[in-house]
1. Say R0 is 22 Å: what FRET efficiency, to the nearest 0.05, do L24 and D70 get from their beta-carbon distance?
2. Taking the Cα centroid of segment 1-44 and of segment 66-109, what is the distance between the two, rounded to the nearest whole Å?
3. Of L69, V102, V42, which is farthest towards the positive pole of the chain's charge dipole, taken about the Cα centre with +1 and -1 on the beta-carbons of Lys, Arg and Asp, Glu respectively?
4. Run the accessible area of segment 4-73 with a 1.4 Å probe and give the carbon-and-sulfur part as a rounded percent.
5. Counting each pair of different Cα atoms once, what's the Kirkwood radius of the chain in Å, rounded to one decimal?
6. 5 Å is the cut-off here: which amide hydrogens, built 1.01 Å from N in the peptide plane, fall below it relative to G29, excluding neighbours closer than 5 in sequence?
7. Along the Cα-to-C-beta direction of M1, a point sits 7 Å from the Cα; which residues of segment 78-93 have their amide N less than 14 Å from that point?
8. Go ahead and set up a Gaussian network model of the chain, Cα springs under 10 Å, then flag whichever of G36, G49, G74 fluctuates most.
Amino acid sequence: MIIWLNGSYGAGKTTTARELAALLPDARGFDSETVGALLRPVLAGVPVGNFQDWPPWRPLVVETARHVLDYTGGTLVMPMTVLVEPYWREISAGLAHHGIPVRHFVLHADQDTLRGRIDGDLV
């Protein structure tokens, strides 16, 4: 199965995913942003504001998750904000097509907490 953690930047997705993966038996984190990083040099020169806008990103996220789960079993904990509804439908439909259950959670933090986290981010 996949536990998908959605939410704004600074809501705590990555930290929550890391903690959750450590607590659940046979769980591992999979940040689908790495798929975007993989595509970035391949699609250099192709204009894009966000790698999620690249049509190959969404099916590659699905296929990567599917193959990892086929190989390892267990649970993938995926921290990734997907704000474009058609993109989310494409990803979730692709996972459903392969029979992969998805538990989707949206993390929320109040505005002051988000501002503090964003201002303190050293990355």
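1. Details: r = 19 Å, r/R0 = 0.84.
Step by step, r from the Cβ atoms, then E = 0.75.
2. 10 Å
3. L69
4. Details: 2410 of 4000 Å².
Of all accessible area on segment 4-73, carbon and sulfur atoms account for 60 percent.
5. By the Kirkwood definition, the hydrodynamic radius is 15.3 Å.
6. V77
7. Taking a point 7 Å out along Cα→Cβ of M1, the residues of segment 78-93 whose backbone N falls under 14 Å are 78.
8. Maximum among the listed residues: G49.
The values are calculated or read from the model by the stated rules, or taken from the named source; none is laboratory data. Computed from a prediction, not measured in an experiment: that's the story for all the values here. When we count neighbours, we look across all protein chains shown, and the Cβ atoms used for this are built from the backbone with ideal geometry, even at glycine. These accessible areas exclude ligands, DNA and RNA; they are computed on the full protein's heavy atoms, side chains included. Shrake-Rupley method; radii C 1.70, N 1.55, O 1.52, S 1.80 Å.
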